[in-house]
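Undergrad: The structure that follows is given in the form of structure tokens.
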Amino acid sequence: MFIFKEMSIITKRGDDGMTDLMFGRRIAKTSIRFSALGTIDELNAAIGLARAVDVENRHTAILDKIQNLLFGLMGQLACLPEDAEKYLEKGYAMVRQEDLDWLTATAKGIEEGGVRFTHWAVPGAEGSMARAHLDLARTVARRAERHVLELHEAEGGVPEVVRLFLNRISDLMWILARKDG
């Protein structure tokens with residue numbers, strides 16, 4: 001267990017409605033960028049719920065990798081376009097093409113192994129908490145994707161791989177919720 005002794009999580013820096021980004025930048029908590037970041041954080045928590053109730057650990061490795069990749073994605077978005085080069089120079093984590101390729105290949109591989117649903121897939125209908133949480137994660141991924149697309153339309157600079165990555169996460173969550181076996 002890690003115990004904070006040297007610093008408090010309560011900084012009061014956000015009390016004025018602003019929050020910190022990378023490289024000393026600050027933005028309003030009501031900004032499109034902050035909404036995108038918050039929704040990706042929420043997606044990570046929703047995936048964590050799915051992971052926690054997956055008592056058979058059928059998807060733990062996949063969900064763990066996605067959660068770790070989301071930290072890099074959040075770092076990318078917590079960096080304003082004018083600081084993107086600094087972010088790259090520092091070697092901070094980020095979502096790359098190979099991560100998108102892995103996500104796509106993983107989804108296709110599982111889909112080829114068999115998914116089951118009749119007509120429209122109804123979240124929670126099977127009584128499985130893990131599947132229901134995967135569906136929740138899917139919907140949060142879709143919302144995160146919309147926020148990131150809004151950010152890209154408003155400010156530009158969101159790499160295509162980031163936009164596609166969120167779309168693939170929602171696809172994979174749908175597939176995992178309907179995986180046979």
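Undergrad: Find the residue count for the stretch 148-165, including only residues that are of a type outside the set (D, E, K, R), touching a residue at least 40 places away in the same chain (Cβ under 8 Å) and part of a helix (DSSP H, G or I).
TA: Qualifying residue count for the region: 7.
Undergrad: In the stretch 127-139, is there at least one residue being surrounded by 14 or more Cβ atoms within 10 Å (Cβ to Cβ), in contact (Cβ under 8 Å) with a residue 40 or more places away in the chain and basic (Lys, Arg)?
TA: Checked against the condition, which is being surrounded by 14 or more Cβ atoms within 10 Å (Cβ to Cβ), in contact (Cβ under 8 Å) with a residue 40 or more places away in the chain and basic (Lys, Arg), the stretch 127-139 yields at least one hit.
Undergrad: Next question. Going by the structure shown, is Leu80 in contact (Cβ under 8 Å) with a residue 40 or more places away in the chain, within 15 Å of Leu166 (Cβ to Cβ) and among the hydrophobic types (A, V, I, L, M, F, W, C)?
TA: no
Undergrad: So, one more: Where residues in the stretch 1-24 are touching an Asp or Glu at 6+ places or on another chain (Cβ under 7 Å) and in a helix (DSSP H, G or I), which of them is modelled with the highest pLDDT?
TA: The selected residue is Phe23.
Undergrad: Now, a different point. Does at least one position in the stretch 87-102 carry a residue that is among the β-branched types (Val, Ile, Thr) and in a helix (DSSP H, G or I)?
TA: Looking through the stretch 87-102, none of the residues is among the β-branched types (Val, Ile, Thr) and in a helix (DSSP H, G or I).
Undergrad: Please find, within the stretch 107-121, the residue that is surrounded by the fewest Cβ atoms within 10 Å (Cβ to Cβ) out of those that are modelled with pLDDT of 90 or more and over 12 Å from Phe165 (Cβ atoms).
TA: Gly109
Undergrad: Here are some conditions: (1) assigned to a helix (DSSP H, G or I); (2) over 25 Å from Met18 (Cα atoms); (3) out of contact with any Lys or Arg (no Cβ under 6 Å at 6 or more places or on another chain); (4) in contact (Cβ under 8 Å) with a residue 40 or more places away in the chain. Trp174 meets all but one. Which one does it not meet?
TA: The single condition Trp174 does not satisfy is (3).
Undergrad: Take Ile62 and tell me if it is surrounded by fewer than 17 Cβ atoms within 10 Å (Cβ to Cβ) and either assigned to a helix (DSSP H, G or I) or not charged (D, E, K, R) (or both).
TA: Taking the combined requirement at face value, the residue does not satisfy it.
This table checks each residue for (1) buried (at least 20 other Cβ atoms within 10 Å of the Cβ); (2) in contact with a Leu (Cβ under 9 Å, 6 or more places away or on another chain).
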{"position": "Gly24", "(1), (2)": "no, no"}
{"position": "Ser35", "(1), (2)": "no, yes"}
{"position": "Gly48", "(1), (2)": "no, yes"}
{"position": "Glu56", "(1), (2)": "no, no"}
{"position": "Leu69", "(1), (2)": "yes, yes"}
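Undergrad: Further question: Among the residues of the stretch 6-62, how many are within 18 Å of Phe165 (Cβ to Cβ), free of Cβ contacts under 8 Å to residues at least 40 places away in the same chain and either in contact with a helix residue (DSSP H, G or I) (Cβ under 6 Å, 6 or more places away or on another chain) or not small (Gly, Ala, Ser) (or both)?
TA: The number of residues fulfilling the criteria is 2.
Undergrad: State which residue is nearest to Ala107 (Cα to Cα) when the search covers only the stretch 25-79 and only residues that are modelled with pLDDT under 95 and basic (Lys, Arg).
TA: That would be Arg58.
Undergrad: Restricting the first residue to the stretch 87-108 and requiring it to be over 19 Å from Trp174 (Cα atoms), which pairs with a second residue that is of a type outside the set (Gly, Ala, Ser) and not in a helix (DSSP H, G or I) meet a Cβ separation below 7 Å and a spacing of at least six or different chains?
TA: What qualifies is Tyr87/Cys79.
The values are calculated or read from the model by the stated rules, or taken from the named source; none is laboratory data. This is a predicted model, so every value here is computed, not measured. Cβ coordinates were reconstructed from backbone atoms using ideal geometry, including for glycine residues, and neighbour counts include every protein chain displayed.
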